[in-house]
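Before any comments, here is the structure.
The values are calculated or read from the model by the stated rules, or taken from the named source; none is laboratory data. Here the structure is a predicted model, which means the values were calculated and not measured. We place every Cβ from the backbone using ideal geometry, glycine too, and count neighbours over all the protein chains shown. To get the accessible areas, we keep the full protein, side chains included, count just its heavy atoms, and leave off ligands, DNA and RNA. Shrake-Rupley method; radii C 1.70, N 1.55, O 1.52, S 1.80 Å.
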Amino acid sequence: MRIILFNKQFLIAKAGTSNMENEMVINKDNYNQKKELDPNYLLGDQEHIDKTTKVSWILVITTISTSLGCSIPAGYNTGVVNAPAEILKQWCNETIIQRYYVQFSPAQLDGLWSILVSVFLIGGIIGGVAGGKLANALGRKGTLQIIYLINLVSGILFFSSKSFALVELFFIARFLSGLSAGLTMAMVPMYLLELSPANKSGLFGVMFTVGLNFGVVLSQFLGLGNILGNESSWHYLFSLYGGLVLLALPTLKCIPESPKYLYTVRNEHSKALSELSNLRGMPISDISWELENLLVSSERWTLRKVINEPSSRKAIIITCIIMLGQQLSGINAVFYYSTSIFRNAGMSTAGAQYGNLGAGVINFIVTILSTTFIDNFGRKTLLLFSSTICVFMLTALMISMILSSIGTIPGISYLLIIFVIGYVLFYGFGLGPIPFFIGSELTDVGPRPIIMSAMSVANWSGNFLVGLTFPFVNLVLKQYSFLPFIVFTVFLIIFTWKVVPETKQSLGQQSTDTE
C-alpha cells in the first residue's frame, strides 16, 4: 500500500499549485488524528487512495458544452473580421449615407473600421477584469450561463445589423462578443481544470485552446468569398456561432458547479462532495480525498490580497508575463504576413488565402495532438522547447525576408513558406496552449479567479498592443519587423528558465512513498 505523504510545511509552501488539489495527497498528521477519532474515516480502507479518477460522461459533456458555448465563439469572433473587411467597410459607408446622409472619406472609413475592430479587444479587456469577480459571485456555472447569454444576444445583433441597416448594432455586437471572449478566457480554462482528474489536468487545460483555435479556423474557412464572406451573406458569417450556443444551451441542466469552488469559496462541503460524486460517477467515500486538503478561508480574495500574499503574487506575475510573452511572440504578425508571403511565392490571391487558412488548420491540428502528450511532459519543458524553436523560425523568416527583398537567391520565397509553417507548428506545441491554463496550476482555488482575470487582461492588452503598434513597426523596420518579436520571445525563454516552476512534476518530485 503506497500513500503520498506531505508534511504541513510543504502543504503551506505549495498551496499555490492546483495539482495539490487533485493529487492523492494526504497530510500524515491530520490523517492519523482523524483516523483515531473515527475508525471509519475514508471507509477505514486506504486502497482507494491509490486509485486515479476516470473521465466521466458528465465531464465530456461539460467540455463539449463550454467549447460550443464559449471557446469556439471566442475564437470565431477573433478571426472573423479579416476576410470580409473590405465588404464590411463598403456596407458601413452605404449605410451611413442612406441613414445619415453623410459621405465618409476613405480615411474616415478606415478609422470607423478600426473602431469596429478594436472595440472587440476593449470588450475583451473589460470581460477579463470582470471574469474573476463573476466567477466568485455567481459561481463557475452561473458565469457560464452569462457567457452563453451574451454570445446569443451578440449573434442576434450581428444578424440584425444588416436587416435594420444600423452600424450601431454591429458596434454593440462586436463589444458584447469581446466581453464574452474576455469572460471566457478568464473562466473556462480555470473551470475545466477544477473539474478534471489530476492525471488529466493538462488534457483539459488544452481543451480550451482546441476550441479557441477551431473557432478561428472555422471563421477563416467560412469567410472565404465563395462561401459566406461576400456582400449577400456576411451577416450569416458573423452570426453563425449563435447556432453553436443554441446547441449548448440544453446541456446547462447537467453540467456541474465546480466542487472545489463550493468547498473552498462557498464553504458548502456537503454540496461539494455531492457534486464531485456526481461528476466522477463514484461514491462520496471513494472520492472525498480530492477535497480533503483544499485550503478553506472565509476571507474574500481581492487583487490587493493576491499581490500582498507572496505565493499568489508570484503566480500572478508569472501568469501575466507568460501570457504577454505569448502575445508578443509574433503569432498575429506571422498570420498577418502569411498571405503576402504566399503571394510572393507565386500563389494567386485566392491561393494565398487558402494558404493562410492552411496555416490556421496546422495550428489547430497541433493543438489537438498536444492533448495526447501534454500530461507526459512538464509545462516548463514544453514552453522552453516551443519558444526556442519559434525564435529559430522567426529569425530564419526575418533573414529570408531580407534576402527576398534583395532578390539574389532564387526560390527563397518557398523557404518563407516553410518557416511560416514551422513557426505555426511549433507554436502549437507549448507556447500556444500552456499560457491559458498555467495560472490555474500555479495557485489554489481561492485566488485563482483573480489570477485568471489578470491572465485574460494580459492576453487582450498584448493583443491590443500588437494590433496598435505593428503597422507602425512594419512601416519603420520593414524586413526587420520581426526583430522585436524575437527579442520578446528570447526574454520569455530566459524568464521561463529562471523563474517559472515545473507545475507538472513538482509534486511527484517532492513526495515520498511509504509502504
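Taking the range 124-143 as the region of interest, how many residues are part of a helix (DSSP H, G or I) and out of contact with any Ser or Thr (no Cβ under 7 Å at 6 or more places or on another chain)?
The qualifying residues number 10.
Out of all the residues in the range 433-447, is one or more hydrophobic (A, V, I, L, M, F, W, C) and more than 22 Å from Pro197 (Cβ to Cβ)?
Within the range 433-447, not a single residue is hydrophobic (A, V, I, L, M, F, W, C) and more than 22 Å from Pro197 (Cβ to Cβ).
So which of Leu294, Leu252, Leu279 is in contact with a Phe, Trp or Tyr (Cβ under 6 Å, 6 or more places away or on another chain) and farther than 30 Å from Thr95 by Cβ?
Testing whether each residue is in contact with a Phe, Trp or Tyr (Cβ under 6 Å, 6 or more places away or on another chain) and farther than 30 Å from Thr95 by Cβ leaves just Leu294.
Mind checking which residues of the range 405-433 are part of a helix (DSSP H, G or I), more than 16 Å from Gly355 (Cβ to Cβ) and either touching a residue at least 60 places away in the same chain (Cβ under 8 Å) or open to solvent by 20 Å² or more (accessible area, probe 1.4 Å) (or both)?
Ser405, Ile406, Phe426, Tyr427
Yes/no matrix, rows are residues, columns are (1) touching a residue at least 24 places away in the same chain (Cβ under 8 Å); (2) open to solvent by less than 10 Å² (accessible area, probe 1.4 Å); (3) over 25 Å from Pro501 (Cβ atoms); (4) of a type in the set (Asp, Glu):
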position	(1), (2), (3), (4)
Leu328	yes, no, no, no
Gln353	yes, no, yes, no
Ala359	yes, yes, yes, no
Gly378	yes, yes, no, no
Ser387	yes, yes, no, no
Leu394	yes, yes, yes, no
Leu397	yes, yes, yes, no
Ser400	no, yes, yes, no
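Quick one: in the range 127-160, of everything that is over 20 Å from Tyr76 (Cα atoms) and aliphatic (A, V, I, L, M), which residue is least open to solvent (accessible area, probe 1.4 Å)?
Ala135
Would you confirm, using the coordinates I've provided, whether Leu224 is of a type outside the set (Val, Ile, Thr), in contact (Cβ under 8 Å) with a residue 12 or more places away in the chain and in a loop (DSSP other than H, G, I, E, B)?
Answer is yes for this residue.
Hey, His269 hits all of (1) farther than 15 Å from Leu59 by Cβ; (2) buried (at least 24 other Cβ atoms within 10 Å of the Cβ) but one; which does it fall short on?
(2)
Determine whether the range 162-171 contains at least one residue that is assigned to a helix (DSSP H, G or I), under 20 Å from the mean Cα position of the chain (by Cα) and among the basic types (Lys, Arg).
No, because not a single residue in the range 162-171 is assigned to a helix (DSSP H, G or I), under 20 Å from the mean Cα position of the chain (by Cα) and among the basic types (Lys, Arg).
Before we move on, is Phe238 in contact with a Ser or Thr (Cβ under 6 Å, 6 or more places away or on another chain), open to solvent by less than 30 Å² (accessible area, probe 1.4 Å) and part of a helix (DSSP H, G or I)?
Against the criterion (in contact with a Ser or Thr (Cβ under 6 Å, 6 or more places away or on another chain), open to solvent by less than 30 Å² (accessible area, probe 1.4 Å) and part of a helix (DSSP H, G or I)), Phe238 does not qualify.
May I ask you to list the residues in the range 346-369 that are touching a Ser or Thr at 6+ places or on another chain (Cβ under 8 Å) and more than 23 Å from Ala85 (Cβ to Cβ)?
The answer is Gly346, Thr367.
Would you mind stating whether Leu442 is crowded, with 18+ Cβ neighbours inside 10 Å, in contact (Cβ under 8 Å) with a residue 60 or more places away in the chain and either among the hydrophobic types (A, V, I, L, M, F, W, C) or in contact with a strand residue (DSSP E or B) (Cβ under 8 Å, 6 or more places away or on another chain) (or both)?
Yes: the conditions hold for Leu442.
Identify, by number, the condition in (1) over 26 Å from Pro256 (Cβ atoms); (2) in contact with a Leu (Cβ under 9 Å, 6 or more places away or on another chain); (3) at pLDDT below 85; (4) crowded, with 18+ Cβ neighbours inside 10 Å that Asn82 doesn't meet.
All conditions pass for Asn82, except number (2).
Kindly provide the set of residues from the range 305-326 that are in contact with a helix residue (DSSP H, G or I) (Cβ under 7 Å, 6 or more places away or on another chain), β-branched (Val, Ile, Thr) and open to solvent by less than 10 Å² (accessible area, probe 1.4 Å), ordered by number.
Once the filter is applied, which keeps residues that are in contact with a helix residue (DSSP H, G or I) (Cβ under 7 Å, 6 or more places away or on another chain), β-branched (Val, Ile, Thr) and open to solvent by less than 10 Å² (accessible area, probe 1.4 Å), the range 305-326 yields Val306, Thr319, Ile322.
Answer yes or no: is there a residue in the range 107-118 that is open to solvent by less than 20 Å² (accessible area, probe 1.4 Å) and in a helix (DSSP H, G or I).
Yes, the range 107-118 contains at least one residue that is open to solvent by less than 20 Å² (accessible area, probe 1.4 Å) and in a helix (DSSP H, G or I).
Looking at the range 165-177, is at least one residue open to solvent by less than 10 Å² (accessible area, probe 1.4 Å) and out of contact with any Leu (no Cβ under 8 Å at 6 or more places or on another chain)?
Taking every residue of the range 165-177 in turn, at least one turns out to be open to solvent by less than 10 Å² (accessible area, probe 1.4 Å) and out of contact with any Leu (no Cβ under 8 Å at 6 or more places or on another chain).
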